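Undergrad: Take this structure first; my questions come after.
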Amino acid sequence: MTTPYKKTDKTIAYLNKQYSKLFRKLTSFDELNVIEVSHEIYNEVLKLVEQESTRLVKTVYDSYSENHTISTTDATAFVLALMLAYNPVTKYVYKNELERKRSRFAEGVIASDSPIEEVELAKRLLVALNRQFEDDVTFDTVVKAFEDDGVKEVRWITAEDDKRCKECKSRHGKIYPIHRIPPKPHRYCRCYIEKIK
Ligand SMILES: [Zn+2]
């Protein structure tokens, strides 16, 4: 098996396109409606991320598990749990961080002389936040597929992009029990695992 992140890139690219559409809703910047509109936009983002992540989980799971497939219900539950889990690498809970991004965006628009810049900033932050989330969804789905198949040990494979990172490099080829895989060394790490037995 090679890198599982090919499908992830498609999901990320699709989501990135959608954010621009959502922010276009915000046509007039008005202190009275910005809070409400920001909630509308970010709720849509959350729905979209949930939906696209569920599709990603299904695709990755079904290509990595030899003996199982995952239902849409289970895939959605997996995504929702991940949205509420503390991430030791990013040091936040995805859902809380999304809400923080929303409230900072709304405050930024109210306070700024240049709301367009605030929109651009908010979009960039969403792109980064969700890129990280989809990478995590992918990695954790591979782990789940292996666990469900009864895999006991996995090998860490360092992504080409991560060859510069000392910590990633030093992990290349290392073997871990499936229940003791260490967290990734840094954000946007694209290392992955292979099953051994
Ligand atoms: Zn890495």
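Undergrad: Quick test of your reading of the structure: LYS184 fulfils all but one of (1) within 16 Å of the ligand (Cβ to nearest atom); (2) part of a helix (DSSP H, G or I); (3) touching a residue at least 24 places away in the same chain (Cβ under 8 Å); (4) buried (at least 16 other Cβ atoms within 10 Å of the Cβ). Name the failing condition by number.
TA: (2)
Undergrad: Right, another one. Which count do you get for residues in region 151-181 that are in contact with a Ser or Thr (Cβ under 7 Å, 6 or more places away or on another chain), of a type outside the set (Gly, Ala, Ser) and open to solvent by less than 30 Å² (accessible area, probe 1.4 Å)? Before the answer, list the steps.
TA: Taking region 151-181 first, the residues in contact with a Ser or Thr (Cβ under 7 Å, 6 or more places away or on another chain) are 159, 168-169, 171-172.
Adding the requirement that they be of a type outside the set (Gly, Ala, Ser) leaves 168-169, 171-172.
Filter once more, keeping what is open to solvent by less than 30 Å² (accessible area, probe 1.4 Å): 168, 171.
Total meeting the criteria: 2.
Undergrad: Right, ASP135: within 25 Å of GLU50 (Cβ to Cβ) and within 16 Å of the ligand (Cβ to nearest atom) or not? Steps first, please.
TA: Values: within 25 Å of GLU50 (Cβ to Cβ): yes; within 16 Å of the ligand (Cβ to nearest atom): yes.
Answer is yes for this residue.
Undergrad: Report yes if TYR86 is in contact with an Asp or Glu (Cβ under 7 Å, 6 or more places away or on another chain) and surrounded by fewer than 17 Cβ atoms within 10 Å (Cβ to Cβ), otherwise no. Quick ask: steps written out before the conclusion?
TA: On the way: in contact with an Asp or Glu (Cβ under 7 Å, 6 or more places away or on another chain): no; surrounded by fewer than 17 Cβ atoms within 10 Å (Cβ to Cβ): yes.
No.
Undergrad: Looking only at region 154-166, which residues are charged (D, E, K, R) and assigned to a loop (DSSP other than H, G, I, E, B)? Walk me through it before giving the result.
TA: Our first condition is that a residue be charged (D, E, K, R); within region 154-166, this holds for 155, 160-164, 166.
Of everything in region 154-166, those that are charged (D, E, K, R) and assigned to a loop (DSSP other than H, G, I, E, B) turn out to be LYS163, ARG164.
Undergrad: Residues that are basic (Lys, Arg), modelled with pLDDT under 95 and within 16 Å of the ligand (Cβ to nearest atom): does region 148-163 have at least one? Lay out the reasoning, then the answer.
TA: Here is the first cut: in region 148-163, the residues basic (Lys, Arg) are 152, 155, 163.
Those still in the list that are modelled with pLDDT under 95 too: 163.
Checking the rest, the ones that are also within 16 Å of the ligand (Cβ to nearest atom) come to 163.
So far as region 148-163 goes, yes, one or more of its residues are basic (Lys, Arg), modelled with pLDDT under 95 and within 16 Å of the ligand (Cβ to nearest atom).
Undergrad: So, LYS169, is that one within 16 Å of the ligand (Cβ to nearest atom), part of a helix (DSSP H, G or I) and either within 19 Å of TYR5 (Cα to Cα) or β-branched (Val, Ile, Thr) (or both) or not? It would help to see each step written out before you state the result.
TA: Numbers: within 16 Å of the ligand (Cβ to nearest atom): yes; part of a helix (DSSP H, G or I): yes; either within 19 Å of TYR5 (Cα to Cα) or β-branched (Val, Ile, Thr) (or both): yes.
Here the answer is yes, as LYS169 does meet what is asked.
Undergrad: Here is a check on your reading of the model: is VAL93 modelled with pLDDT of 95 or more, buried (at least 20 other Cβ atoms within 10 Å of the Cβ) and either closer than 21 Å to PRO4 by Cβ or under 15 Å from the mean Cα position of the chain (by Cα) (or both)? Please lay out each step first, then the result.
TA: Working: modelled with pLDDT of 95 or more: yes; buried (at least 20 other Cβ atoms within 10 Å of the Cβ): no; either closer than 21 Å to PRO4 by Cβ or under 15 Å from the mean Cα position of the chain (by Cα) (or both): yes.
No, not satisfied.
Undergrad: Does CYS191 satisfy being touching a residue at least 24 places away in the same chain (Cβ under 8 Å) and either surrounded by 18 or more Cβ atoms within 10 Å (Cβ to Cβ) or within 11 Å of the ligand (Cβ to nearest atom) (or both)? Lay out the reasoning, then the answer.
TA: Values: touching a residue at least 24 places away in the same chain (Cβ under 8 Å): yes; either surrounded by 18 or more Cβ atoms within 10 Å (Cβ to Cβ) or within 11 Å of the ligand (Cβ to nearest atom) (or both): yes.
Against the criterion (touching a residue at least 24 places away in the same chain (Cβ under 8 Å) and either surrounded by 18 or more Cβ atoms within 10 Å (Cβ to Cβ) or within 11 Å of the ligand (Cβ to nearest atom) (or both)), CYS191 qualifies.
Undergrad: In addition: Is it the case, given these coordinates, that LEU129 is away from the ligand (no atom under 16 Å from the Cβ) and in contact (Cβ under 8 Å) with a residue 24 or more places away in the chain? Please lay out each step first, then the result.
TA: Numbers: away from the ligand (no atom under 16 Å from the Cβ): yes; in contact (Cβ under 8 Å) with a residue 24 or more places away in the chain: yes.
Judged against the criteria, LEU129 is a match.
Undergrad: When you go through VAL142, VAL151 one by one, which is the residue that is in a loop (DSSP other than H, G, I, E, B) and under 23 Å from TYR64 (Cβ atoms)?
TA: On the way: VAL142 fails: in a loop (DSSP other than H, G, I, E, B).
It is VAL151.
Undergrad: Can we say VAL143 is in contact with a strand residue (DSSP E or B) (Cβ under 8 Å, 6 or more places away or on another chain) and either open to solvent by 10 Å² or more (accessible area, probe 1.4 Å) or among the aliphatic types (A, V, I, L, M) (or both)? Step through it out loud before you land on a result.
TA: On the way: in contact with a strand residue (DSSP E or B) (Cβ under 8 Å, 6 or more places away or on another chain): yes; either open to solvent by 10 Å² or more (accessible area, probe 1.4 Å) or among the aliphatic types (A, V, I, L, M) (or both): yes.
Judged against the criteria, VAL143 is a match.
Undergrad: Next up: What's the number of the only condition in (1) part of a loop (DSSP other than H, G, I, E, B); (2) under 22 Å from the mean Cα position of the chain (by Cα) that LEU98 fails to meet?
TA: Unmet for LEU98, out of (1) part of a loop (DSSP other than H, G, I, E, B); (2) under 22 Å from the mean Cα position of the chain (by Cα): (1).
Undergrad: Another one. Please name all residue pairs, on different chains or six or more residues apart, with Cβ atoms under 8 Å, provided the first residue is in region 101-120 and is open to solvent by 40 Å² or more (accessible area, probe 1.4 Å) and the second residue is among the charged types (D, E, K, R).
TA: Correct list of pairs: ILE110/GLU31.
The values are calculated or read from the model by the stated rules, or taken from the named source; none is laboratory data. Bear in mind the structure is a predicted one, so any value in this text is a computation, not a measurement. Don't worry about glycine lacking a Cβ; one is built from the backbone with ideal geometry, like all the others, and counts go over all protein chains shown. These accessible areas exclude ligands, DNA and RNA; they are computed on the full protein's heavy atoms, side chains included. Shrake-Rupley method; radii C 1.70, N 1.55, O 1.52, S 1.80 Å.
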